[in-house]
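The values are calculated or read from the model by the stated rules, or taken from the named source; none is laboratory data. Quick caveat: nothing in here was measured; it's all calculated off a predicted structure. Here the Cβ is made from the backbone with ideal geometry for all residues, glycine too, and neighbour counts use every protein chain on show.
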Amino acid sequence: MIENTEFIDTVRDQGVVGAGGAGFPSYVKLQQPVEYFLVNGAECEPLLHKDKELMKAHGDALLEGMGRIRDHLGAGEAILAIKEKYHEIIDFLQGRLPSGMRIHPLGDYYPAGDEFVVVYETLGRVIPRGGLPLHVGAVVMNVETVLNIVWGEPVVDTFMTVGGAVNEPKTVRVPVGISTREVLEACGGVSIDSYAVLSGGVMMGKLVDNLDQPVTKTTGGLLVFPDDHNLIRRYRRDWQAINRIGKSACDQCSFCTELCPRYLLGHPVHPHLAMRALEFSHDPLSLILDADFCCECNICSFIACPEDLDPKNVIVQNKRLLKEKNLKYPEDIPDRPVHGMLDGRRTPVARLFAKLGLKQFRNVGPMVDVAFQPQSVKIPLKQHVGAPASAIVLTGARVRRGDVLGTVEASQLGVPVHASIDGVIEAVTETDVTIRRE
């Protein structure tokens, strides 16, 4: 355990969480010494450019943050994992690297940014099933997370790429709590009449049901697609349809398993067995016990399955079932070694563009300054893994940007949330705080 807690407390008070999408409170990762500190700059989802643009615009600050965190963790080396195709950024940073740091180039495949994949590619170590990078002597953080730590201020903005069917694809810095609708309008607007929006990437994003939905600390992208795009139809497929089609059409080809990134690392993840369990009316539970080890990358559903079935969402349903029944995978079954065909079964990002119908969209996202001036923001009290924050402000109170709106007990996993604009508290509920600009 690291005894110097001042740095840890500061990161917690800033409200820093994993900006790569998971939202895990970053202060927890700073509590144990490790051998390696890894920075994940892979950004393998199609059409997203946030991390690349941050490394280009704030490279020196990133290296400073890597050094500070490495020293705090007592790590022997800090490693930045970045796609090898970004030659300009690699060349820029390479000339500035101090001793004890290196850049590890990654191939242009998906999901190169998966934490387990990053650790294996950079260190040659496999995180055990259900484990953490800590179990193999490493801590992994996203590029934006490192910058939020080194900037030393409350996290009240998030960086994101606005892309797809928009007039001007770009990467922007956005105040937390602003609505999705306002972000799209301020960034140049949508280029089509009938559309749908994904928050996050095309592979692991979520469909935005309401454009008034607020942006959070973990929103890394807003991608717009025609309302009838096949990708949107897939995201709208409900469980009844997934279940019915899966039962009738799965031929047990096992492609979903053979291309699964976690299976290729030796983990007991078998999507084809989850599909087989759909067809069984007698005790299928033994076929789904490995569901908890799935990272939900969607390779099985969007790329591997020749029938366009949805093994990923079948596994997600199985995770719920296992939790309800309190069932666990047997601990005495060892993991297999890394698959001998790992290198040959990676999914190139170019394949995603072709298979998912993304070639029609401009694959750019330059960093652009946009003057967002929302008249109000709705700050969710839970933007992270763990316990939600509890509001400590009252309706009618005046707050400044960066003021604390909600806190989490020190004994609980979680971080505070802060005001992203100056204004007056308009409403406080169990789930969010609304601020109106004066």
Check your understanding: Within segment 29-51, restricting attention to residues that are among the aliphatic types (A, V, I, L, M) and within 19 Å of Arg125 (Cα to Cα), which residue is modelled with the lowest pLDDT?
Key -> Ala42
Exercise for review: Confirm whether Lys319 is surrounded by 13 or more Cβ atoms within 10 Å (Cβ to Cβ) and touching a Cys at 6+ places or on another chain (Cβ under 6 Å).
Suggested key: no
Review point. Where residues in segment 344-402 are of a type in the set (S, T, N, Q) and within 20 Å of the chain's Cα centre (by Cα), which of them is nearest to Met204 (Cα to Cα)?
Key: Thr347
Point to revise | Residue pairs meeting the criteria (Cβ under 6 Å; at least 6 apart or on separate chains; first assigned by TED's automatic domain parsing to the domain that holds Pro111 and without any contact (Cβ under 8 Å) to a residue 12 or more places away in the chain, in segment 338-366; second assigned to a loop (DSSP other than H, G, I, E, B) and of a type outside the set (Gly, Ala, Ser)) | key: none
Practice item. Test Val316 against the stated conditions and say whether it is among the aliphatic types (A, V, I, L, M) and not in a loop (DSSP other than H, G, I, E, B). Key: yes
Practice item. Could you check, for segment 25-44, whether at least one of its residues is part of a loop (DSSP other than H, G, I, E, B), in contact with a Phe, Trp or Tyr (Cβ under 7 Å, 6 or more places away or on another chain) and either more than 25 Å from Glu153 (Cα to Cα) or not assigned by TED's automatic domain parsing to the domain that holds Ala419 (or both)? Key: yes
Exercise for review: Identify all residues within segment 235-273 that are among the aliphatic types (A, V, I, L, M) and within 22 Å of the chain's Cα centre (by Cα); write none if there are none.
Suggested key: Leu259, Leu264, Leu265, Val269
Check your understanding: For segment 225-233, does any single residue satisfy the condition of being modelled with pLDDT of 95 or more, crowded, with 22+ Cβ neighbours inside 10 Å and in a strand (DSSP E or B)?
Key -> yes
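Residue-by-condition table, conditions (1) in contact with a Phe, Trp or Tyr (Cβ under 8 Å, 6 or more places away or on another chain); (2) more than 30 Å from Glu168 (Cα to Cα):
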site	(1), (2)
Leu287	yes, yes
Ile299	yes, no
Gln317	yes, yes
Pro330	no, yes
Gly357	no, no
Ser376	no, no
Ile392	no, yes
Exercise for review: Those residues that are outside any loop (DSSP other than H, G, I, E, B), in contact (Cβ under 8 Å) with a residue 24 or more places away in the chain and small (Gly, Ala, Ser), I need them from segment 389-420; list them, please.
Suggested key: Ala391, Gly406
**Study point:** Matching entry among Val424, Val385, Val433, Val364 (being crowded, with 21+ Cβ neighbours inside 10 Å and either aliphatic (A, V, I, L, M) or not in a strand (DSSP E or B) (or both))
**Key:** Val433
Check your understanding: Any residue in segment 52-67 that is surrounded by 16 or more Cβ atoms within 10 Å (Cβ to Cβ), modelled with pLDDT of 95 or more, more than 27 Å from Ile8 (Cβ to Cβ) and in contact with a helix residue (DSSP H, G or I) (Cβ under 8 Å, 6 or more places away or on another chain)?
Key -> yes
